[in-house]
Structure formats: C-alpha cells, structure tokens
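Single-structure report; data block below.
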Amino acid sequence: MKWSISEHQPGRRRFMRLLGRAIVFAGAALVSVGLMGRRGLAAAIPPLSETGYDWTKHRWGFGVDATRCIGCLRCVEACKIENGVAQDASHFRTWVERYVYLKGERKPLVDSQHDPANIAASGSEKTYRFDNRYQDANIDKAFFVPKLCNQCEHPPCVQVCPVGATFRTPDGVVLIDHDYCIGCQYCVQACPYGVRLFNHEFGVTDKCTWCYHRIVRGLQPACVVACPVDARIFGDQNDPESPISKFIRENRTRVLKPEMGTSPNVFYIGLDKEVM
C-alpha cells in the first residue's frame with residue numbers, strides 16, 4: 001500500500017501546531033519567568049518586573065574549591081530545604097563526592113552521601129554524612145568534590161527538550177518550566193554530568209538552578225551561604241571584581257568533561273584528572 005504526501009497532511013498539521021505552541025511557549029517563558037509555581041517543586045521565581053532584575057546585564061558563574069571542601073554536606077541540606085527537594089537518599093540537586101587514594105593504588109575510591117554505608121552512618125535518609133570507613137586505611141590523599149548543574153553555554157538538555165520546557169536564560173542559567181515538562185526524560189539522558197533527576201510524584205524532571213529565585217533578588221544560592229569554609233563561590237562574570245571573576249582570574253581552573261563541548265560555567269580547582 002502506497003502513501004502520498006497529501007495523506008500525511010492531517011498528521012503533519014497537528015505536528016506543526018504542537019511545534020508552534022512549543023516555540024511560542026519558550027518565548028513567553030523567557031519574558032515572564034513565572035516558573036514552578038503550580039507544581040510546588042521549588043520556591044516560586046517572581047516576575048522580573050517585581051524585582052527590578054535585568055537579566056541582560058549579568059552572566060553568572062560558579063566556582064568550587066576542592067582544596068577547601070570538608071565534606072560536611074551542609075550545602076546538600078541547605079539545597080533540599082531551600083528548593084523543596086524530596087528528603088530521601090535518591091533525590092539531590094547538588095551532592096558531594098569523596099575521592100580517596102590508598103597507598104600504592106593509582107585509582108581513587110569514590111563514594112557520595114547516598115552510598116548505603118553513608119546512609120547507615122547518618123541514621124536517616126533526611127540527614128547526610130560520610131562514614132569513617134577509611135579511619136584505619138593507609139591513605140595517600142583524599143578530597144571532596146561538590147557537584148551541581150554546570151549551566152552550560154551549549155546545554156544538550158535544551159536541545160533535546162521536545163516542548164521547550166527546558167531553556168537557557170540570557171544571564172546563563174538553564175531552567176525548567178514544570179508546568180510544561182511532560183516527563184519524557186530526554187534531558188536526563190542528554191546531560192553528560194548526571195545532574196538531572198526525575199520527580200516521580202509530579203512526573204517531571206528537576207535540577208539545580210543555582211537558586212534562581214534568590215539570585216534575581218540579589219541573594220546568593222543557598223549552598224553558597226551554607227558552606228562554612230567558602231568552598232563554593234558565586235558571582236557575576238560580567239563584573240571583574242565579583243568573587244567568581246577573581247576566583248577564575250587568580251586560579252588555574254578547570255571544568256568537567258571539556259571534551260563534550262558544552263562550555264560549563266562551574267569552574268573547579270584542586271581536582272585530579274579522575275574526577276569526571
């Protein structure tokens with residue numbers, strides 16, 4: 001049986017209508033930024049007119065000093081409280097990995113706060129700590145690595161979203177409109193950093209937004225405020241005197257997986273090449 005182009009027209013028209021709606025929505029989302037209100041997954045982001053915030057004048061960046069991080073996980077707890085992330089061991093917008101090199105070993109042992117042994121040590125999925133499994137080990141070196149959304153300049157998650165629910169703002173932050181997310185999880189699969197999670201309760205994806213609802217009000221992300229050793233650095237890359245600009249200028253920084261061509265905006269110091 002042969003099919004003609006004309007026989008496909010109804011389906012093609014429906015597809016084009018849906019595509020047009022997605023494009024229209026993406027433009028509207030960039031104007032209003034009224035995100036996440038209906039789903040209640042995070043603090044509501046206010047209309048820019050209410051804050052006086054001009055996102056064309058900023059270019060946000062994030063720094064992580066792995067030489068300072070002590071693995072206290074206060075950042076993880078602050079993030080969950082601030083953004084309404086599920087209080088369990090499976091959902092995190094940001095997390096911390098522990099890298100341990102034993103004497104004579106060339107590869108590190110890696111674990112994070114959702115490792116079963118660490119959960120057992122904390123006594124609850126609602127609190128987080130690293131256990132003492134290495135207290136009697138012969139350690140060559142060890143360090144902690146905070147991880148979060150890299151807010152890429154070329155984000156694969158935006159490219160694969162079929163409905164425009166994921167988009168990048170002019171100031172460089174990738175956001176999700178949960179009212180339009182259809183839960184296909186294409187973005188979860190596309191992210192090379194594994195920073196996206198799926199919220200089964202609401203059937204949508206979620207991720208770190210650098211606490212966008214805070215930064216449009218002139219505040220710092222919750223994890224930055226909670227860090228007791230200033231291992232997390234945040235600021236405007238357009239401002240040469242901002243904390244992040246000084247951090248990049250005064251240190252030899254690196255980004256994760258530069259070979260992916262995503263141009264991340266999270267800059268690290270104190271990492272080994274094994275950190276991915």
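The values are calculated or read from the model by the stated rules, or taken from the named source; none is laboratory data. Quick caveat: nothing in here was measured; it's all calculated off a predicted structure. Heads up, the Cβs are rebuilt from the backbone with ideal geometry, glycines too, and the neighbour counts pull from every protein chain shown. We work out accessible area using only protein heavy atoms, side chains counted, and drop any ligands, DNA or RNA first. Shrake-Rupley method; radii C 1.70, N 1.55, O 1.52, S 1.80 Å.
Examine segment 173-183 for a residue that is in a helix (DSSP H, G or I) and under 12 Å from the mean Cα position of the chain (by Cα), and state whether such a residue exists. So far as segment 173-183 goes, no, none of its residues is in a helix (DSSP H, G or I) and under 12 Å from the mean Cα position of the chain (by Cα).
Scanning segment 58-79 for residues that are over 18 Å from Q220 (Cβ atoms) and out of contact with any Lys or Arg (no Cβ under 9 Å at 6 or more places or on another chain), we see that the one that is surrounded by the most Cβ atoms within 10 Å (Cβ to Cβ) is A66. Which condition number in (1) at pLDDT below 95; (2) at negative phi is the one that G84 fails? In the conditions (1) at pLDDT below 95; (2) at negative phi, G84 misses (2) alone.
Suppose the filter is among the hydrophobic types (A, V, I, L, M, F, W, C) and assigned to a helix (DSSP H, G or I); does C223 pass it? It is true that C223 is among the hydrophobic types (A, V, I, L, M, F, W, C) and assigned to a helix (DSSP H, G or I). Filtered by the rule that a residue be exposed (fewer than 14 other Cβ atoms within 10 Å of the Cβ) and either under 21 Å from R98 (Cβ atoms) or acidic (D, E) (or both), segment 219-256 gives P228, V229, D230, E241, E250. With the structure loaded, tell me whether F267 is open to solvent by 20 Å² or more (accessible area, probe 1.4 Å), of a type in the set (F, W, Y), modelled with pLDDT of 95 or more and outside any loop (DSSP other than H, G, I, E, B) or whether it fails that test. Yes, satisfied.
Inclusion of Y212 among residues that are among the hydroxyl-bearing types (S, T, Y), surrounded by 17 or more Cβ atoms within 10 Å (Cβ to Cβ) and within 30 Å of Y101 (Cα to Cα) is not warranted.
Here is the figure for segment 193-209: residues that are under 18 Å from V266 (Cα atoms) and buried (at least 18 other Cβ atoms within 10 Å of the Cβ) total 6.
Pairing each residue of segment 51-74 that is on the phi > 0 side of the Ramachandran plot and at pLDDT 95 or above with any residue that is among the basic types (K, R) and open to solvent by less than 50 Å² (accessible area, probe 1.4 Å), provided the two are 6+ apart or on different chains, yields C-beta distances under 7 Å for G71/R98.
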